[in-house]
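Derivation of every value follows stated rules applied to the coordinates shown; laboratory data play no part. Please read these numbers as outputs of a predicted model, since none were measured by experiment. Note: ideal-geometry Cβ built from the backbone for every residue, glycine included; neighbour counts use all protein chains shown.
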Amino acid sequence: MINETKLTIEIQNRQPVELLDLTNSFMSLADEYRRFVQVQGTVTCLDDVRLYIKEIRSGSIITDLVALSAAGLPFAEHAVTILDFSKYMKMAYAFLTGKSNDRPPMAKPNLINLMRFVDPVARDNASQMNISTIVNGDLNLVLNIGALEANAAQNVVGRELKAMKEPPSGFQEQVVLYWYQARNDLAATTGDRAIIESIHVGAVKTIFGLPELKAKMLLDPFSYAYLVDVFVETVGGRPVLYKISAIHDKIDISAA
């Protein structure tokens, strides 16, 4: 007989919880569990594993969740992922609420999920969320999150998301560019790299729409910055190519 392991979410609320907020909260939890399982790689048929609602009980809002395959079949390894996932959630919110300096790996989608999951609690200043695991009837409280902690976690996520803001792509008008390295060859298509700090802190491969544009910028390349129009190409949110289409002005930086 396979041991039963459940993840129990209890929301002790004073105010009514809007259905959309509750739905988004559980959708975010489900997505975060799916991502966790994929990263861990410890479960066979990764795409087949989901969190399912087993029971909704009276009280405040009490929900028992279990990990099953799409066919509704439980496996012992699924129970292990529930326990590991609850430990990850505890570590994540301990970091986001300032209770720990140990930061688990969290990319942008993880942060968004963690922010949305606690939204029903953050909106009710008298509420609390309790997250527990139940293994064969034995309850283990993983963490509880009050409204203050939920708001604190959301504030930290907001700051991290702002810091992760993706650089602009496509056509950018009148941005300041300066050379990192430049080849004194109008026909060269490699070796030219420039920096546009408003887009990216690093040097990026640079090409020109017209040869005469490069000729203007090679007269004294490292004494000036240039106000240019540029097309920005990105891969994975990171700029990989600047194509200069116009030069509006140059700025003397030789004395800087």
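Some observations on this one:
- By the Stokes-Einstein formula, at 1.306 mPa s and 10 °C, the range 170-252 with its Kirkwood radius over alpha-carbon pairs has D equal to 127 µm²/s.
- Coil-residue GluC sites (Glu not before Pro) of the range 185-255, DSSP, other Cβ within 10 Å capped at 13: 197
- With neighbour counts taken as other beta-carbon atoms within 10 Å, the residues 220, 192 rank, fewest first, as 220, 192.
- The DSSP beta bridges internal to the range 170-252 are antiparallel in roughly 90% of cases.
- Lysines with Cα under 22 Å of residue 87, excluding same-chain neighbours fewer than 8 positions away: 6, 54, 99, 108
- Length released on extending from residue 159 to residue 193, taking residue separation times 0.36 nm less the Cα-Cα span: 9.1 nm
- Answer label, with Cα extents along the principal axes in Å calculated from the coordinates and candidates (i) 44, 40, 34; (ii) 57, 46, 35; (iii) 78, 41, 32: (iii)
- Comparing 101, 144, 24 in a Gaussian network model of the chain, where Cα atoms under 10 Å apart are tied by springs, the biggest mean-square fluctuation is seen for 101.
- Working note: 222 nm ellipticity from helices only, DSSP H runs with n ≥ 4, each -39,500 (n - 2.57), summed and divided by the residues of the chain, gives -10000 deg cm²/dmol to the nearest 500.
- Simple spin-label estimate for residue 201 and residue 231 gives 2.9 nm between the two label positions (7 Å along the Cα-to-Cβ direction from each Cα).
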